[in-house]
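Below is one structure, written out as structure tokens; the observations come after it.
The values are calculated or read from the model by the stated rules, or taken from the named source; none is laboratory data. Keep in mind it's a predicted model, so treat the numbers as computed, not measured. A quick note on method: Cβ atoms are made from the backbone with ideal geometry, for glycine too, and the neighbour counts reach across all protein chains shown. The protein model used for the area step is the full one, side chains on, heavy atoms only, and it has no ligands, DNA or RNA in it. Shrake-Rupley method; radii C 1.70, N 1.55, O 1.52, S 1.80 Å.
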Amino acid sequence: FALGAVPGYAATLGVRADSITFFIGSLFFTSAAFLQYRESVDAGRGVAHGWRRLLAYRPHQIDWWASGVQLIGTLYFNVSTGNAARIDLSAQAAQQHVWRPDAIGSLCFLVASGLAWFEVCHGWASWSPRDLSWWITLLNLVGSVAFGISAVASYVVPATGQLRNAELSNLGTFVGALCFLVGAVLLLPERTRAMVPAEPS
């Protein structure tokens, strides 16, 4: 996603190649979101087995809601970016098949990041800069806000068929994607630290 929003990338490779880049990025988002959802389900072992376990309804678990809503959001991004790769979409078709699923996906990301923030911070306000989980959740929340700004800026004006603010749309996408990337990289040391057995006291 960050690559597709880099200034000059679309101008150099063409709009279609840029759209395909975003579509490939959305597949990475969906893969990661599915793994995160699977991890949240695995945390409630014994609920069910096989595919029924993946669909297990766990309304009392915030992580289940957050990862599930985020997974749905990534599917909307798949639809949005896949349709954006199509050639010669009218303004009305772009509005309905590209912008609308993008806006819904961004809203899902905002909800999911808000729920994750609430779970990690045990409330809406928190300041724990020494906690790696706090940074990861904060980066994901900022990334989701940036994606939301991008969605608002990418609204297709029916009269002109142009984006409301293409520069702001690209900036929001770029900042959001970088936040998600850094958050994902920070998961590596957190995961490694969680797997190291505690020293006996």
Using DSSP loop states and a limit of at most 10 other Cβ atoms within 10 Å to flag trypsin sites (Lys or Arg not before Pro), what is the longest stretch of the chain containing no flagged site? 46-129
Mind giving me the FRET efficiency for GLU39 and VAL182? R0 is 22 Å, r the Cβ-Cβ distance, nearest 0.05 is fine. 0.65
Given the protein chains as shown and a 1.4 Å probe, how many square angstrom of ASP131 are accessible, to the nearest 10? 60 Å²
Rounding to the nearest 10 and keeping the result within 0 to 90°, find how far the Cα-based axis of helix 15-42 lies from the longest principal axis of the chain. 20 degrees
Placing +1 on the Cβ of each Lys and Arg and -1 on the Cβ of each Asp and Glu in the chain, which of GLY143, PHE34, GLY8 has its Cα farthest towards the positive end of the resulting dipole? PHE34
Where only alpha carbons of the chain are counted, the Rg and the Dmax (Å): 18.4, 70
Roughly how tilted is helix 166-195, in degrees to the nearest 10 and between 0 and 90, from the longest Cα axis of the chain? 20 degrees
Helix-derived [θ] at 222 nm for the chain: sum -39500 (n - 2.57) over DSSP H runs of at least 4, divide by residue count, nearest 500? -23500 deg cm²/dmol
Given the options VAL156, VAL15, VAL69, state which has the largest fluctuation in a GNM of the chain using a 10 Å cut-off (strictly under) for Cα springs. VAL15
Return one number: the angle in degrees, 0 to 90 and rounded to the nearest 10, between the long axis of the Cα atoms of helix 132-153 and the longest principal axis of the Cα atoms of the chain. 20 degrees
If you roll a 1.4 angstrom probe over the protein chains with everything in place, what fraction of the accessible area of the chain belongs to carbon and sulfur, to the nearest %? 66 percent
Over the chain, with the other protein chains present, what is the accessible area per residue in square angstrom, probe 1.4 angstrom? 59 Å²
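Expressed in nm to one decimal, what extension gain is obtained for the pair ALA17 and ALA166 from 0.36 nm per residue of sequence separation less their Cα-Cα distance?
Extra length available between ALA17 and ALA166 comes to 51.9 nm.
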On the full set of protein chains, 1.4 Å probe, figure out the accessible area of TRP99 and give it in Å² to the nearest 10. 60 Å²
Residue with peak Gaussian network fluctuation, the chain [Cα springs, cutoff 10 Å], from LEU141, LEU178, LEU71: LEU178
Per 0.36 nm of contour for each residue apart, how much would the distance between ILE24 and ALA91 grow if the chain were fully extended, relative to their Cα-Cα spacing? 21.8 nm
